[in-house]
């Protein structure tokens, strides 16, 4: 179930900029470090503020102009071609609770080091790229403290309104605006104009490790239907209320959790993923039959027809559960997206860059959402994966080898160089 | 599912001490009153402190000596026979969250008014009873804020250690000691010595209403096995982790909730009750497969053999669930009690008192635990029930008619008179 203690990056086995990258990654791992070897730095937390300040520092040291936009997206700008739009390369530093070190953080630091190398290269060679370069740390990709996820990139791409996002509160009633102000991350404006985007991330699945692939080139995302349900029963005494009189919201909710797994099992070859990650019981007292349960349930598939079939089965099951548990189940929120492709010219470019480096590569679909899932809807976007040992993710034992994260950095650097030089413009 | 708005007591339809009792009950209903027509005054809360101060006031007005013991049990003592032990009559004022007005509170106020009437009667007639009389408000019967339930009566009857109880904390980390100090309810000593005990309570079931019975005479309690379980899985990403790699603690917990209901349904005629009232998910984030769920599950039956069979089925199911959901389930706490009788001489006394009043009555078993369940293990104890409309309990719509609570007060007064006069001593 776990791969034990995760080793720290070992820069001594590498040289030059690769060693510096690993050194910085070891430093980044100290922010919000947990006793279990992972990190906990949810969006807008003190640990998130500390790592953002540290990122600002290393960007400014290299001559990048650092700013925050109206919803806390952090940009490190290198404007070599005044007025030209930017290639945005980055990911997110925020984490889940008791999370691993790689999810998001690897992509931001790799973006910074790719940008550092290109800045030096262009300076030495006297090159003015066609597009400027921006390192990005998107705000609140995880959505654990403030919902929904991919918040910063959703505002940047026009999918969410900034004033709406700033008013969202966490479980303690603290708003996004207050959390951003408390971590000195609330800026203004809408950030730099984008021409292209790129992101690198760990796979969060085990297929690349299993197949011996170093570079995954993401060609599309899975479709997803994410629902919030309320299950309503009637509060009563657990001891004395006869079973026939009960309207047990937790029983109904539990039947829904079990049904979700049965739906996944109904489809062969893991074609449909289902889950319930969050569930809250009210009043949640030992001798009270629960009157209300809220839960978040999601269905995902790479095949939209299968997803639609899974969704039909789910809604049939809901009616059956309402009758069996004598509860009422209502949908109080939903967030659905189709299968959408990453631009084929970006996929081809990334494949060429991986091949030129002599690395194994293959096309892959992303099951998880990423900031690049938003970016690709407004500009051509390249999404790269590196393998994740045992596919472990959202877990302190998340691990990718130093060799793989360095190889990923190399390919990302090559991709970003090509994008900045306008090599994709003609295609 | 509900009987709508619950009417307030209407003293204008009654006379004399009955009207005064209903008037006081209407006042008591204002402490911690909820918008839904119920009350919320969990143990040691500000609302609990207010109602305790009010109870002290009405007891002192009638010449009772009010004190708190070492764990916040509140006593109103009428010592007419110096040095003699006491008949303890009472129940509990604390409530569940969003609870009804009758559970516990009716029993305390009926005890006070029974005592007021007997005090006047003995004073007028110049009678010195064999035993002294104590009105009791037992601390934290409900166990919603501080676990376990029946806390005050457990310490009084020697089943729990006071220093252990005082150190127990609520979800916010506040200890029983701190809550008692904050509500001026932490006293000292072990309270008055008991000779007999009596309690009246609403039924929290619908059989008396269905059968047209006004007075239930409790002859035994149901046996119960109450367990705390931990379900352990492995934290991972809900989107990208393939189903075969998941160790979903919430799936395992949900299967356990469903299994509990299936076990109840397995036994005909409602002979076994099961429930899960409390369930907490960790880390409880939308896109994280839960790693840990804790839950409280209980099994109850009036038949110990059926309970043992239900328990065996439960433990068989746990092994099956562990394999099916690939989780580990461990028992981290348990609290079990057998079927135990109330003293037959007390049952006979209560039946005679009800018959003398011309009221319908029958023997009944209590499914819920009560403070009297503890008291009966140390002194002869009489437990009376009045009907509850639709059996609704632990709910704002809990309701018993004015006529029934007044009839219950009359029988309780008669029983306490007999106990104080020593009429049960010879039997």
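From the set of residues in segment A:287-307 that are within 22 Å of residue A:245 (Cα to Cα) and touching a helix residue (DSSP H, G or I) at 6+ places or on another chain (Cβ under 7 Å), which is surrounded by the fewest Cβ atoms within 10 Å (Cβ to Cβ)?
A:292
Is there a residue being in contact with a helix residue (DSSP H, G or I) (Cβ under 6 Å, 6 or more places away or on another chain) and part of a loop (DSSP other than H, G, I, E, B) anywhere in segment A:399-419?
Within segment A:399-419 (the criterion being in contact with a helix residue (DSSP H, G or I) (Cβ under 6 Å, 6 or more places away or on another chain) and part of a loop (DSSP other than H, G, I, E, B)), the answer is yes, since at least one residue qualifies.
What are the pairs with Cβ atoms under 9 angstrom where one residue, in segment A:336-357, is without any contact (Cβ under 8 Å) to a residue 24 or more places away in the chain and the other, located anywhere, is part of a helix (DSSP H, G or I)? Sequence gap at least six, or different chains.
Cβ pairs passing all conditions: A:352/A:414; A:352/A:418.
Across segment B:352-373, what is the number of residues that are surrounded by fewer than 21 Cβ atoms within 10 Å (Cβ to Cβ) and either more than 29 Å from residue A:236 (Cβ to Cβ) or touching a helix residue (DSSP H, G or I) at 6+ places or on another chain (Cβ under 9 Å) (or both)?
Pass one, segment B:352-373, residues surrounded by fewer than 21 Cβ atoms within 10 Å (Cβ to Cβ): B:352, B:355-360, B:362-363, B:365.
In the following step, the residues that additionally are either more than 29 Å from residue A:236 (Cβ to Cβ) or touching a helix residue (DSSP H, G or I) at 6+ places or on another chain (Cβ under 9 Å) (or both) were identified as B:352, B:355-360, B:362-363.
Residues that pass the stated criteria total 9.
Name the single residue, out of those in segment A:242-262 being within 7 Å of chain B (Cβ to nearest Cβ) and in contact with a strand residue (DSSP E or B) (Cβ under 6 Å, 6 or more places away or on another chain), that is surrounded by the fewest Cβ atoms within 10 Å (Cβ to Cβ).
Of everything passing the filter in segment A:242-262, A:247 is surrounded by the fewest Cβ atoms within 10 Å (Cβ to Cβ).
Out of segment A:66-109, which residues are at positive phi and within 14 Å of another protein chain (Cβ to nearest Cβ)?
A:98, A:104
Name the residue that is surrounded by the most Cβ atoms within 10 Å (Cβ to Cβ), counting only residues in segment A:30-82 that are closer than 16 Å to residue A:119 by Cα and without any contact (Cβ under 8 Å) to a residue 24 or more places away in the chain.
A:66
Wholly within segment B:51-154, which strands (runs of 3 or more DSSP E) include no fewer than the required count, namely at least 2 residues that are touching a helix residue (DSSP H, G or I) at 6+ places or on another chain (Cβ under 6 Å), farther than 24 Å from residue B:176 by Cβ and in the same structural domain as residue B:396 (by TED's automatic domain parsing)? Can you show your working first?
On the way: elements: B:65-68, B:74-78, B:86-91, B:132-137.
Per the criteria, B:86-91.
Taking the options B:199, B:234, B:188, B:230, name whichever one is more than 21 Å from residue A:256 (Cβ to Cβ), surrounded by fewer than 20 Cβ atoms within 10 Å (Cβ to Cβ) and in contact with a helix residue (DSSP H, G or I) (Cβ under 9 Å, 6 or more places away or on another chain).
Numbers: B:199 fails: surrounded by fewer than 20 Cβ atoms within 10 Å (Cβ to Cβ); B:234 fails: surrounded by fewer than 20 Cβ atoms within 10 Å (Cβ to Cβ); B:188 fails: in contact with a helix residue (DSSP H, G or I) (Cβ under 9 Å, 6 or more places away or on another chain).
After ruling out the rest, the residue left standing is B:230.
Select, from B:272, B:217, B:288, B:276, the only residue that is at the interface with another protein chain (Cβ under 9 Å from one of its Cβ atoms), under 28 Å from the mean Cα position of the chain (by Cα) and in contact (Cβ under 8 Å) with a residue 24 or more places away in the chain. Don't jump to the end; show me each part of the working.
Values: B:217 fails: at the interface with another protein chain (Cβ under 9 Å from one of its Cβ atoms); B:288 fails: under 28 Å from the mean Cα position of the chain (by Cα); B:276 fails: in contact (Cβ under 8 Å) with a residue 24 or more places away in the chain.
Result: B:272 is the single residue among B:272, B:217, B:288, B:276 that is at the interface with another protein chain (Cβ under 9 Å from one of its Cβ atoms), under 28 Å from the mean Cα position of the chain (by Cα) and in contact (Cβ under 8 Å) with a residue 24 or more places away in the chain.
For every residue, the table says whether it meets (1) modelled with pLDDT of 95 or more; (2) more than 16 Å from the chain's Cα centre (by Cα).
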residue: A:343; (1), (2): yes, yes
residue: A:363; (1), (2): yes, yes
residue: A:382; (1), (2): yes, no
residue: A:395; (1), (2): no, no
residue: A:415; (1), (2): yes, yes
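Within segment B:202-234, how many residues are in contact with a strand residue (DSSP E or B) (Cβ under 6 Å, 6 or more places away or on another chain), more than 25 Å from residue B:377 (Cβ to Cβ) and part of a loop (DSSP other than H, G, I, E, B)?
2
Anything in segment B:304-335 that is modelled with pLDDT under 95 and out of contact with any strand residue (DSSP E or B) (no Cβ under 6 Å at 6 or more places or on another chain)? List them, or say none.
If the condition is that a residue be modelled with pLDDT under 95 and out of contact with any strand residue (DSSP E or B) (no Cβ under 6 Å at 6 or more places or on another chain), then no residue fits.
Could you run through segment A:148-177 and say how many residues are within 14 Å of another protein chain (Cβ to nearest Cβ) and surrounded by 20 or more Cβ atoms within 10 Å (Cβ to Cβ)? I'd like the intermediate steps shown before the answer.
Going through segment A:148-177, the residues within 14 Å of another protein chain (Cβ to nearest Cβ) turn out to be A:148-151, A:168, A:170-172.
With the extra rule that they be surrounded by 20 or more Cβ atoms within 10 Å (Cβ to Cβ), the set shrinks to A:149-151.
Here the count works out to 3.
Among (1) within 27 Å of the chain's Cα centre (by Cα); (2) not in a helix (DSSP H, G or I); (3) not assigned by TED's automatic domain parsing to the domain that holds residue A:372, there is one condition residue A:184 misses while meeting the rest; what is its number?
Condition (3) is where residue A:184 drops out.
Considering only residues that are crowded, with 16+ Cβ neighbours inside 10 Å and either touching a helix residue (DSSP H, G or I) at 6+ places or on another chain (Cβ under 7 Å) or over 30 Å from residue B:295 (Cα atoms) (or both), which ones fall in segment B:329-348?
Result: B:329, B:342, B:343, B:346, B:347.
Please determine, by comparing only the residues of segment B:263-284 that are assigned to a helix (DSSP H, G or I) and at positive phi, which one is surrounded by the fewest Cβ atoms within 10 Å (Cβ to Cβ). Working first, answer last.
So in segment B:263-284, the residues assigned to a helix (DSSP H, G or I) come out as B:263-266, B:268-270.
Imposing the further condition that a residue be at positive phi reduces the set to B:269-270.
Values: B:269: 6, B:270: 15.
Only one residue tops the list, namely B:269.
The values are calculated or read from the model by the stated rules, or taken from the named source; none is laboratory data. Remember, predicted model here, so these are calculated numbers, not experimental data. Using ideal geometry, Cβ is built from the backbone for each residue, glycine included, and neighbour counts are taken over all protein chains shown.
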